[in-house]
Amino acid sequence: MDRTTIFISFVAQDALSSIRNAVFEELKNMGHEPIRFEDSMRYIHQDAIRTCLEYVSRSDIFLLFIADKAGTFLEDEGKTVTHLEFLRAYHENKRLIVYVHDIVLDTYFQTIRPQIKQSLVQYLSEYGKEPDSMLKFISENIKEQPHVAENYVWYFLYDAEQKGIYFEKCSLGVEILSNIKSYLSALFKESLQYLNIRSEIERSLEHVELYGDFYELSLEFISLLRNGQITNWRRLLALLRSKMVGCNIYSTNTKYQQEAIGALMDCKAVTLYEKRDNQMICKEYDGLTTPENFSLDDTSSYVVQTYNDHNHNEKLYYSLEKRICYFLFKVKTYVFCFHLPLLGEWDYYKLKAYQENIFNAILESKGYSYCYFIKMLLGGLSNEQL
């Protein structure tokens, strides 16, 4: 079973050792997978810090404890290791749980924070910009008596607060375990609320993806127009064919559960016909097909039948011999024809019985939305422009 991975971030100091061990064991007993540097990590890199940050990236929750010590400071980075762990978790949108020793947190909000704010206002007024080093600025401008924490801790807390982090107050005792369990329980309850609407969320994401895709493709369709004329019919057909992907065909005879009775495969070809004089001429095509022209007197032609039908501008035909359905639609003097191979066991009677199901599946597909857009686009152009 995939367990929740919780990275435990501490400064190595005696005051935190007992709570660090207690939290680690309690999380493990709860069925989670806690990670701490000293006994949970295998070296991925020779660089221990890079290994540590890699484990932060692999975690689901980042659990940070801050007391009075800053920890190991890296001169080249201008940050402590613990601060780098926090920044990695923050920028990768991990769930952050930050506990701060009560005396340290009270001192920060009551004494240190007001000093930083006041000094910063004066600095901005004088120099018109923020300090190049907030760590140096804070160290030079706070006056804390008596000593509660190292100056870097105040910088760390200020940086976290600016990033919108909420701090949990804690004392260095085992009662914090109850607080953590309550927090994780509340997190679990929150997750259940999202799980209950998971299908709605997934559908919304699908719609977002569809609309984004539709927007980009619509711009490309429009880019093929110049002075009211389509400049590249082959490209237009290729785009349409790429979006006419396969779909299942469902029976509507069942009361409780739809059953797939077959499927349409991805479109293998699309042809475009234009009426010229007494003929339907193949203007362009894309995919595997052999283009041909038809006389308007040829009533056996699906293209001619579609063009001559003044009541329906969308038609469906099929060839059992070729195992292909043909979806056609008419726009002014044009007829588009999509070649959609059948998948599954089909005979004449089954095709006849489920012809409407096949037709509806096409009309409800994502690919049809692009066909509809082209119908509206071409329908708005005059015959002279086309």
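Taking the highest mean first, how do the peptides 103-113, 348-358, 262-272 order by number of other beta carbon atoms within 10 angstrom per residue?
Numbers: 103-113: 17.4, 348-358: 14.4, 262-272: 19.8.
Ranked from most to least packed, the peptides come out as 262-272, 103-113, 348-358.
Once the mean 1/r over all distinct Cα pairs of region 5-196 is inverted, what Kirkwood radius in angstroms do you read off? Working shown, then result.
Working: mean 1/r = 0.0560 Å⁻¹.
With all distinct Cα pairs of region 5-196 included, I get 17.9 Å.
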message: What distance in nm lies between label points placed 7 Å from Cα along the C-beta direction at Leu224 and Arg276?
response: 1.9 nm
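By its C-alpha gyration tensor, with a ≥ b ≥ c as the square roots of the eigenvalues, how is region 198-379 shaped: rounded for a/c under 1.5, else prolate for a/b larger than b/c, else oblate? Don't jump to the answer; show the numbers that get you there.
Working: a/c = 2.08, a/b = 1.15, b/c = 1.81.
Oblate, since a/c reaches 1.5 and b/c is not below a/b.
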query: Measuring from label point to label point, each 7 Å out along Cα→Cβ, what is the Lys136 to Ser178 span in nm?
result: 4.8 nm
message: Relative contact order for region 5-196: what percent, with Cα pairs under 8 Å and sequence separation of 6 or more?
response: 22 percent
- request: Using the Karplus curve 6.51 cos²θ - 1.76 cosθ + 1.60 with θ = phi - 60°, work out ³J(HN,Hα) for each residue of region 280-292 in order, rounded to whole Hz, and write x for Gly and Pro.
  value: 9, 9, 6, 7, 6, 8, 9, x, 8, 7, 10, x, 8
field: DSSP beta bridge pairing in region 5-196, given as percent antiparallel to the nearest 5
entry: 10 percent
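If you stretched the chain out fully between Asp213 and Ala353, how much longer would it get, using 0.36 nm times the residue separation minus the C-alpha to C-alpha distance?
Working: separation 140, 0.36 × 140 = 50.40 nm, distance 3.44 nm.
Length gained, Asp213 through Ala353: 47.0 nm.
Starting from 0.36 nm per residue, how many nanometres of slack lie between Leu74 and Lys268 once their C-alpha separation is accounted for? Walk me through the intermediate numbers first.
Values: separation 194, 0.36 × 194 = 69.84 nm, distance 6.03 nm.
Full extension from Leu74 to Lys268 adds 63.8 nm.
Can you work out the FRET efficiency for the pair Phe188 and Asn232, with r the C-beta to C-beta distance and R0 = 51 Å, to the nearest 0.05? Show your work: numbers first, answer last.
Working: r = 55 Å, r/R0 = 1.08.
Here the calculated transfer efficiency is 0.40.
Report the FRET efficiency, 1/(1 + (r/R0)^6), for Asp106 and Asp2, where r is their Cβ-Cβ distance and R0 is 35 Å, rounded to 0.05. Numbers along the way, then the final one.
Numbers: r = 39 Å, r/R0 = 1.12.
About 0.35, to the nearest 0.05.
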- prompt: Using 7 Å Cα-to-Cβ label points, what is the Glu345/Ala260 separation (nm, one decimal)?
  reply: 1.7 nm
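Stretched out fully, how many nm does the piece from Leu320 to Thr299 gain, at 0.36 nm a residue minus the Cα gap? Each step should come with its number before you reach the end.
Details: separation 21, 0.36 × 21 = 7.56 nm, distance 1.91 nm.
Extra length available between Leu320 and Thr299 comes to 5.7 nm.
Rule-based calculations on the coordinates, nothing more; no lab input. Predicted, not measured: the structure shown is a model, and the values here were computed from it. Backbone-built Cβ (ideal geometry, glycine too); neighbour counts: all protein chains shown.
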